[in-house]
Amino acid sequence: MMEESNNTANYHLDKNLILLFVFTILVTASIFAYKFINYAPCEIEAFNFSKGNLRVGEIIRFKDNTKGVIKREWDFGDGSRPGKISNPFHTYTKSGEYIVKLQVNGSCKWEEKLTIKEKAFVLDSSRIAKFDIPDKIEVGEKIQLFDKTKEATSWEWRFGESGRVDATQKNPEYVYESPGEKTILLIVNNDPRYGFKKRVNVFEKEIEIVAPPRGNPPVRRTDPPVIPDRPDIDPISIDPPVPLPPPPPTRKNAPNIGEEKFKTLLALVSAKKATADNFKEYLCNDVNLPIQVNNKDTTFKEFCKKIRGKGIKIKELNIKKGDYNCITSIEIKYSNLSIFN
């Protein structure tokens with residue numbers, strides 16, 4: 001009787017397990033069948049047609065060509081609201097790198113990194129500096145330049161001789177001290193992007209030679225002078241006249257020379273194209289003038305001999321002039337361009 005009862009319990013237990021197992025299989029198969037019926041391949045065909053050169057403020061169009069999409073969501077990586085349509089437009093307000101993400105049907109994902117550059121600068125040609133210069137410029141001649149820039153409120157003029165800002169007026173005046181090619185630069189409204197420059201040639205001052213008049217001057221006829229009768233005077237009692245001393249010779253001023261031209265002549269000495277004698281007219285013939293070179297005493301003639309045929313770079317030059325515009329003091333600091341000098 002006891003064995004029959006145990007057999008009945010085992011039968012009911014095995015039957016319940018079988019039913020549970022069958023139920024589990026049916027549920028799993030149903031889920032699998034549902035997913036199989038509703039399966040969509042995770043192949044997102046998203047791209048950005050202009051991702052090669054993107055800038056701040058530009059309108060960017062994104063496209064998603066994925067078929068069979070039920071739901072999509074765009075994340076543009078800048079904290080803005082997500083997009084829900086297939087071809088959204090977006091604009092970035094700051095430069096940098098952004099990760100753009102697209103999620104399709106809640107599971108398929110796609111992402112790509114975009115680089116947004118600064119907004120492109122567009123030059124306004126009407127704000128570029130404009131000015132007029134004289135047709136011919138000579139050393140020592142005062143010139144005046146005229147600014148014609150529209151809506152300019154500040155000016156920085158550089159005349160290519162001093163290496164710094166030479167004037168801040170609208171229509172400045174300037175005198176060049178040395179000849180050669182110069183670059184005149186004007187920056188207006190403190191914006192170098194709208195600066196403008198012109199190259200000019202500064203010429204040595206021309207010396208006007210006045211030709212003598214042609215032909216002989218007309219002869220003016222005059223009556224012969226009337227010589228009064230001399231009184232009878234004993235010639236022994238008359239002292240011979242004392243000759244007057246000759247007047248002192250008139251001394252001319254030395255020609256003017258600026259520091260830039262002086263440097264140019266020193267460069268010619270360095271290149272064996274000039275000597276100390278080429279400075280005579282500026283030194284009033286005193287080529288043995290004591291000078292200071294690199295804080296050491298020497299003479300100008302010895303200095304010229306020392307640098308002749310050697311490459312040098314003038315770092316500092318200070319010239320002082322005295323009576324008759326003669327150079328009386330020279331201070332030079334220089335360095336050799338070659339290590340073998």
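Worth a mention:
- Residue check for Lys117: among the basic types (Lys, Arg), in contact (Cβ under 8 Å) with a residue 40 or more places away in the chain, surrounded by 11 or more Cβ atoms within 10 Å (Cβ to Cβ) and over 30 Å from Glu151 (Cα atoms): yes
- Within segment 272-293, being without any contact (Cβ under 8 Å) to a residue 12 or more places away in the chain and either assigned to a loop (DSSP other than H, G, I, E, B) or surrounded by 15 or more Cβ atoms within 10 Å (Cβ to Cβ) (or both) holds for Lys273, Ala274, Asn285.
- When Val100 is tested against (1) without any contact (Cβ under 8 Å) to a residue 60 or more places away in the chain; (2) hydrophobic (A, V, I, L, M, F, W, C); (3) surrounded by fewer than 15 Cβ atoms within 10 Å (Cβ to Cβ), exactly one condition is not met: (3).
- Residue satisfying condition, being of a type in the set (Val, Ile, Thr) and at pLDDT below 90, within set Ile327, Ile312: Ile312
- Top-ranked residue of segment 141-175 - restricted to ones that are surrounded by 14 or more Cβ atoms within 10 Å (Cβ to Cβ) and small (Gly, Ala, Ser), ranked as farthest from Ile257 (Cα to Cα): Ala152
- Candidates in segment 119-140 are the residues that are charged (D, E, K, R) and at pLDDT below 90; of these, the one that is nearest to Phe262 (Cα to Cα) is Lys136.
- Candidate set: segment 54-76, residues that are assigned to a loop (DSSP other than H, G, I, E, B) and in contact with a Lys or Arg (Cβ under 7 Å, 6 or more places away or on another chain); chosen: the one nearest to Lys113 (Cα to Cα): Val56
- Residue match in segment 230-250 (condition: modelled with pLDDT of 85 or more, not aromatic (Phe, Trp, Tyr) and not assigned by TED's automatic domain parsing to the domain that holds Val139): no
- For segment 120-156, the tally of residues that are among the acidic types (Asp, Glu) and either without any contact (Cβ under 8 Å) to a residue 12 or more places away in the chain or outside any strand (DSSP E or B) (or both) stands at 4.
- Flag if Glu260 is more than 27 Å from Gly163 (Cβ to Cβ) and either at pLDDT 90 or above or surrounded by 10 or more Cβ atoms within 10 Å (Cβ to Cβ) (or both): no
- Every residue from segment 296-312 that is part of a loop (DSSP other than H, G, I, E, B) and either out of contact with any strand residue (DSSP E or B) (no Cβ under 8 Å at 6 or more places or on another chain) or not assigned by TED's automatic domain parsing to the domain that holds Cys326 (or both): Arg308, Gly309
- Filtered residues of segment 81-116 (kept if assigned to a strand (DSSP E or B), farther than 20 Å from Leu54 by Cβ and among the basic types (Lys, Arg)): Lys109
The values are calculated or read from the model by the stated rules, or taken from the named source; none is laboratory data. None of the values given here were measured: they were computed from a predicted structure. When we count neighbours, we look across all protein chains shown, and the Cβ atoms used for this are built from the backbone with ideal geometry, even at glycine.
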